[in-house]
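The block underneath contains the structure these notes are about, expressed in structure tokens.
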Amino acid sequence: MRDFLAQIPLDRVWEIHLAGGQEMDGYWLDSHSGKMPDDLAAFSQEVVQSLPNLGALNFEIYDTFLERLPPEELDRTVDALREIWERAGVSRSDAPPHRLPPGPIVGKPAPPTAAWEEGATRAVWQDDPTQHDWPEDTAALRLYARLARSFRGSMLVRAMPRSLRYLLLRDGDGAETLLSRFHTAHDPRLFTPLEAQSFADFVISQGELDPWLLALMDYDLAFLNIVRQSKAQLVRFPGDPTTLFEGLAAAQLPRDLPDNPPWEIELLPDGFTVADFTHTPAAS
């Protein structure tokens, strides 16, 4: 960190973001996942004294982690932020930052932006650093790919919990391989329902014939579609799904699932009335 700070013009630092995080593969992940580490707070107190134009000090934490942070720990964090701010160069002044002339380029010229970004994107989505022509970025790209796939997998687990649990219980290693192939073959979609549909389409394209998995995917997608469309969704199962649902809830895959008679489940949106889904003859 000190080496990095020695390479940048400190009078151009306008904002500092602080957060809890963790070390991974030689990098510090600013993961917004907890309290600010004590050594980071102490180091920040030292650094801010050399930042004459500092205008903002932010502490970032995701709401899900904030809920788990004890109130007294949050109070200590806020107090630490105040102490850091009190030591900041001239940032306590309301005067605007100094207007500074552009500084000279330090080190070698930056790579072409478009080529660098396109290569980095391919390397991350496909978990293949050779897609990127700057080998000095290999370690970072491998970590980004790992994090990206972990995040995509977590989104699928949230969007398709029954389908993913069924896959993992049926064949854990096979499920991991299937997810890896999906991540390599398909770039992520911007919205969760689209990502879930993309995964379901990929599973089907791989020749999946298990009627229970196909039904579970339809069932999970129906919950997403009902929110998007505010319309009832009909899902068909090859038999009574009660045994399957109970098994999945207990993290167990039932040995014998009924194959007949077929079942249909209709999912209704919130706030429905019976009249919305029944035909009432018009009054004469």
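The values are calculated or read from the model by the stated rules, or taken from the named source; none is laboratory data. Remember, it's a predicted structure, so these values are computed and weren't measured experimentally. Glycine gets a Cβ as well: all are built from the backbone with ideal geometry, and neighbour counts include every protein chain shown.
Each residue in the range 122-144 was checked for being in a helix (DSSP H, G or I) and within 20 Å of LEU29 (Cβ to Cβ), and 13 of them qualify.
In the set PRO188, PRO193, which member is under 24 Å from the mean Cα position of the chain (by Cα) and not in a helix (DSSP H, G or I)?
Details: PRO193 fails: not in a helix (DSSP H, G or I).
Just one listed residue meets the conditions, PRO188.
Annotation note: of ASP259, ASP240, ASP220, the sole residue that is part of a helix (DSSP H, G or I) and outside the structural domain of GLN126 (by TED's automatic domain parsing) is ASP220.
So, of the residues in the range 11-62 that are of a type in the set (Ser, Thr, Tyr) and touching a residue at least 40 places away in the same chain (Cβ under 8 Å), which turns out to be surrounded by the most Cβ atoms within 10 Å (Cβ to Cβ)? Break it down stepwise before answering.
From the range 11-62, those of a type in the set (Ser, Thr, Tyr) are 27, 31, 33, 44, 50, 62; that's our starting set.
Retained after the next criterion (residues that are touching a residue at least 40 places away in the same chain (Cβ under 8 Å)): 27, 44, 50.
On the way: TYR27: 13, SER44: 20, SER50: 13.
Looking at residues that are of a type in the set (Ser, Thr, Tyr) and touching a residue at least 40 places away in the same chain (Cβ under 8 Å), I get SER44.
Against the criterion of being more than 30 Å from LEU248 (Cα to Cα) and part of a helix (DSSP H, G or I), ALA175 does not qualify. Scanning the range 50-73 for residues that are modelled with pLDDT of 90 or more and part of a helix (DSSP H, G or I) yields PRO71, GLU72, GLU73.
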